[in-house]
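Take a look at the structure below.
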Amino acid sequence: MPAHAPETTHDDPLGRERAHLTASRSALRAMREDVEALDIRDVTANWVNAIVLQAQIDDRIKALADLAHTPLFFGRLNYLHAPGAELAEGAEGEQFYIGRRHVHDADGDPMVIDWRAPVSQPFYRASKKDPQDISLRRRFGYTGGELTAYEDEHLSDPAETAAVSKLLQQEIERPRVGPMRDIVATIQPEQDEIVRSGLSGSVCVQGGPGTGKTAVGLHRVAYLLYAHRDRLARTGTLVIGPNRSFLHYIEQVLPALGELEVKQATVDDLVARPGLEVRGTDAAETAVVKGDARMAEVLGRAVRSHVGRPTEPLMVVRGSRRWRVPAYELEEMVEELQKRDIRYGAAREALPQRIAHAVLVRMEQAGEAPDDRVQDAVARNAAVKAAVKEIWPPVEPAKLVLRLLSDPEFLALHAADVLTDDEQKLLLWPKPFRSVKSAKWSAADLVLIDETADLVERTHSLGHVVLDEAQDLSPMQYRAVGRRCTTGSATVLGDLAQGTTPWATRSWDEALTHLGKPQAVLEELTAGFRVPREVIAYASRLLPSISPGLAPVSSVRETPGSLRVAEVAEAADLDAAVVAACRDSLAHEGSIGLIAADARIPVLAGALLAAGLPYLSPGEETTAESRLTLVPASLAKGLEYDYVVLDEPAAIVDGEPDERTGLRRLYVCLTRAVSGLNVLHTAALPGALA
């Protein structure tokens with residue numbers, strides 16, 4: 001596969017490609033100017049329509065932005081025949097430039113094809129074995145936004161042997177400063193299959209460190225928005241991440257692909273309720289019980305227990321007439337609604353209409369001719385409303401959960417044969433709170449309230465949800481996410497070996513069942529592109545202890561010297577050694593992450609400042625001037641840095657409730673490096689690493 005550097009003649013191939021890039025940028029600028037020049041004053045019926053249309057235009061203008069340091073196209077395909085045409089002898093082929101978005105000239109002819117278009121697919125999947133009617137695949141190399149090189153593969157030429165793309169390798173290894181970048185130029189065939197899978201089905205991606213599962217999930221959202229834009233514009237999309245630092249890290253990927261409408265949230269954001277603030281924390285064993293799927297049954301029983309048994313007939317007065325509905329008939333209505341298994345609130349709204357219908361039947365039997373307006377009036381009758389309130393009282397989700405966590409008898413009644421006595425004791429607050437507002441709710445409590453709210457009134461469902469770092473969710477959290485895509489699909493991303501919560505999922509089958517997507521297709525990514533082979537092999541020594549049977553990642557990148565493990569003889573010298581390692585790492589290009597046990601962060605922060613090394617916190621954007629980030633081990637998941645200095649592995653393990661969780665946390669921290677890992681320790685390394 002020949003790589004080509006710049007030539008000096010005006011008509012050289014690289015010069016022609018640069019000219020096409022310049023022309024494409026001009027065409028994109030013209031497209032943007034056309035949108036900016038739109039005058040909507042005479043095309044909108046009212047000010048509301050004008051605001052909506054102007055917002056759409058503003059979004060379109062943003063999507064057409066030409067990012068100076070982002071290549072407008074990164075590849076070219078030469079087809080042997082026109083796509084879709086008969087593969088007849090002599091049929092003329094076509095040439096397409098593949099980029100992040102569609103660009104056309106003044107005549108509407110395409111100058112750059114969106115990477116998501118069907119005609120672009122062979123750029124990712126064609127090979128010497130399966131050329132897919134491609135004669136030439138060309139990759140472009142860029143430096144600071146300038147086209148500086150290209151590389152050709154003649155896929156239909158049997159005389160040319162397959163080779164590893166150097167430009168592709170360079171793009172993967174390019175130093176990273178700032179937020180996460182898209183991988184649109186480097187998507188691999190196995191990743192592309194997941195990205196382009198259909199909207200109707202859910203997908204679960206098990207991927208070890210560096211396999212690109214997060215990027216695959218984000219590019220899948222971008223693809224689905226391209227292929228099903230009208231549908232998803234109505235139903236909405238959502239990306240769920242583990243914490244705010246992670247969301248900040250990934251937030252620029254979709255806008256770089258021209259997608260601005262995708263919302264991002266954590267699970268805590270999903271279940272947040274106005275007026276309820278998380279001010280409390282749970283012990284690990286309590287959080288495990290609150291996150292157990294059996295809590296759904298306890299809550300369901302507690303909600304249903306509010307429905308009463310009618311014991312008195314109902315008398316409805318209409319003018320001079322009185323209409324009597326006997327208790328047994330009211331009871332039949334209640335039983336019928338309960339058998340339908342609809343939401344508590346929906347059944348409560350249906351009951352007055354059932355009662356009103358019974359009254360109308362009596363009116364008709366008496367010779368009257370009531371219509372729908374009479375039925376609605378009867379349903380709003382004071383006596384009917386009072387009866388409904390007595391039989392089917394309203395349920396306030398937060399008050400119900402407050403009572404469950406405060407009242408031992410109420411909890412025991414509804415948790416009988418579901419939770420053990422010891423588990424019930426773990427749930428009860430040592431000192432009950434008087435009101436919903438004064439209660440010190442924990443994050444797990446709000447998930448219980450969210451479950452209760454859904455039992456009362458159906459949660460709005462989105463068209464597609466991406467759930468990243470899913471292995472750390474509890475069953476009840478999976479249910480909370482699943483409620484947001486009951487009528488839509490989901491992309492679930494995670495790594496069982498990186499589960500670092502006491503309730504971390506044990507299998508994807510179990511997790512997908514709680515999510516409500518048991519039929520989701522399970523895909524496994526085992527080829528690593530980010531973490532060097534030496535680093536991932538070292539971290540994988542932990543797999544037999546933390547996730548037996550899970551296949552280790554096989555990195556395609558061999559980087560001699562990328563791993564250094566050094567023992568510091570004296571504990572007093574460790575801080576200075578860590579600072580020196582950070583200073584040495586800053587001599588390289590790219591971002592630097594100093595990762596340490598949470599308890600060590602204040603000490604290391606002081607040492608860095610004393611040494612004149614300013615640092616960022618996770619979530620703060622790195623720049624060319626500020627490239628060092630001090631990362632607590634608890635926030636390292638999902639982040640990556642060119643070079644990582646890892647402080648005292650034993651302290652990271654000891655910072656967790658149990659050894660297995662500690663080793664999983666360490667596995668996460670060991671696999672954040674893209675170019676080099678420097679491990680420093682004074683305490684003995686965990687046995688699996690020694």
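The values are calculated or read from the model by the stated rules, or taken from the named source; none is laboratory data. What you see is a predicted model, and the numbers here were worked out from it, not measured in a lab. Heads up, the Cβs are rebuilt from the backbone with ideal geometry, glycines too, and the neighbour counts pull from every protein chain shown. Quick note on the areas: whole protein, heavy atoms, side chains included, nothing else; ligands and nucleic acids left out. Shrake-Rupley method; radii C 1.70, N 1.55, O 1.52, S 1.80 Å.
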What is the dipole size for the chain, taken about its Cα centre, with +1 at each Lys and Arg Cβ and -1 at each Asp and Glu Cβ, in debye to the nearest 20? 2200 debye
When the scattering of the chain is computed by the Debye formula from its Cα atoms alone, each counted once and equally, what is log10 I(q)/I(0) at q = 0.05, 0.08, 0.10 Å⁻¹? -0.33, -0.77, -1.07
When the accessible area of the chain is computed with all protein chains present and a 1.4 Å probe, what percentage of it is carbon and sulfur? 51 percent
At 7 Å along the Cα-to-beta-carbon direction for both residue 65 and residue 385, put a label point, then send me their distance in nm to one decimal. 5.2 nm
Looking at region 308-376, which GluC sites (Glu not before Pro) are DSSP coil and have at most 11 other C-beta atoms within 10 Å of their C-beta? none
Heavy-atom surface of region 578-633, accessible at 1.4 Å and reported per residue (Å²): 42 Å²
Given an 8 Å cut-off on Cα distances and at least 6 residues of separation, report the relative contact order of the chain as a percent. 14 percent
Would you pull out the residues with amide H under 5 Å of residue 593's amide H, same chain only if 5 or more places away, H placed 1.01 Å from N? 629, 643, 644, 645
Region 612-690 - percent relative contact order, Cα under 8 Å, separation 6 or more: 31 percent
Please give the FRET efficiency for residue 170 paired with residue 294, using the beta carbon to beta carbon distance and R0 = 45 Å, rounded to the nearest 0.05. 0.30
Total charge dipole magnitude, region 446-496, about the Cα centre, Cβ charges on Lys, Arg, Asp, Glu only, Debye to nearest 20: 240 debye
Any idea how far apart residue 524 and residue 157 come out in nm if each label point goes 7 Å out from Cα toward Cβ? 3.9 nm
Amide H neighbours of residue 523 under 5 Å, at least 5 residues apart or on other chains, H built in the peptide plane: list them. 204, 205, 206
Rounded tilt (10° steps) of 294-304 against the dominant C-alpha axis of the chain: 30 degrees
Counting only protein heavy atoms and rolling a 1.4 Å probe, one gets per residue an accessible area for region 337-459 in Å² of 54 Å²
In a shell of Cβ-Cβ distance under 15 Å around residue 427, excluding residue 427 itself, what net charge do Lys and Arg (+1) and Asp and Glu (-1) give? -4
To the nearest 10 degrees, how steeply does helix 443-456 sit against the main Cα axis of the chain, on a 0 to 90 scale? 50 degrees
Sequence neighbours fewer than 8 away in the same chain don't count; with that in mind, list the lysines whose C-alpha is under 17 Å from residue 425. 290
What's the FRET efficiency of residue 130 with residue 433 using the Cβ-Cβ distance as r and R₀ = 51 Å, to the nearest 0.05? 0.20
Given H placed 1.01 Å from N in the peptide plane, which residues other than close sequence neighbours of residue 466 have an amide H under 5 Å from its amide H? 238, 239, 240, 491
Quick one: Cα convex hull volume of region 533-690, Å³ per residue? 108 Å³
I need the phi-derived Karplus couplings for region 179-195: 6.51 cos²θ - 1.76 cosθ + 1.60, θ = phi - 60°, integer Hz, Gly and Pro marked x. x, 4, 9, 6, 10, 4, 7, 10, 4, 8, x, 5, 6, 4, 4, 6, 4
Gain upon complete extension [residue 610, residue 486; 0.36 nm per residue less C-alpha separation]: 39.3 nm
Give the accessible surface of region 117-228 per residue, rounded to a whole number of Å², with probe radius 1.4 Å and ligands, DNA and RNA excluded. 36 Å²
Over all directions, how big on average is the projection of the convex hull of the alpha-carbon atoms in region 227-336, in square nanometres? 14.8 nm²
Enter the angle in degrees (range 0 to 90, nearest 10) between the Cα long axis of helix 397-406 and the first principal axis of the Cα atoms of the chain, meaning the one along which they spread out most. 80 degrees
Sites residue 420 and residue 621, calculated FRET efficiency, Cβ-Cβ separation with R0 51 Å, nearest 0.05: 0.60
How big is D, in µm² s⁻¹, for region 287-416 by Stokes-Einstein at 37 °C and 0.692 mPa s if Rh is the Kirkwood radius over C-alpha pairs? 199 µm²/s
Around residue 442, with a cut-off of 15 angstrom between Cβ atoms, what is the net charge of the other residues, counting Lys and Arg +1 and Asp and Glu -1? -3
Work out from phi, with θ = phi - 60° and the Karplus expression 6.51 cos²θ - 1.76 cosθ + 1.60, the ³J(HN,Hα) of each residue of region 525-534, listed in order in whole Hz, and give x for Gly and Pro. 9, 10, 8, x, 10, 9, 8, x, 4, 5
Please compute the contact order of region 122-219 in relative form: average sequence separation of alpha-carbon pairs under 8 Å and at least six residues apart, divided by the residue count, as a percent. 22 percent
Return the aspartates and glutamates within reach of residue 263: Cα separation strictly under 18 angstrom, same-chain partners fewer than 8 residues apart disregarded; answer none if there are no such residues. 58, 59, 182, 230, 251, 468, 469
How long is the gain from residue 541 to residue 283 if the chain were fully straight, where each residue apart is worth 0.36 nm and the alpha carbon distance is subtracted? 89.8 nm
Distance in nm between label sites at residue 19 and residue 573, each 7 Å beyond Cα in the beta-carbon direction? 6.4 nm
Debye, to nearest 20: dipole size of region 106-224, +1 on Lys, Arg Cβ, -1 on Asp, Glu Cβ: 500 debye
Calculated from backbone phi, Karplus (6.51, -1.76, 1.60) coupling profile of region 267-273 in Hz, x at Gly/Pro: 4, 4, 5, 4, 9, 4, 10
Restricting to bridges with both residues inside the chain, how much of the DSSP beta-bridge set is antiparallel, in percent to the nearest 5? 35 percent
Can you compute the helix-only [θ] at 222 nm over the chain? Use -39500 (n - 2.57) per DSSP H run of at least 4 residues, normalise by all residues, nearest 500 deg cm²/dmol. -11500 deg cm²/dmol
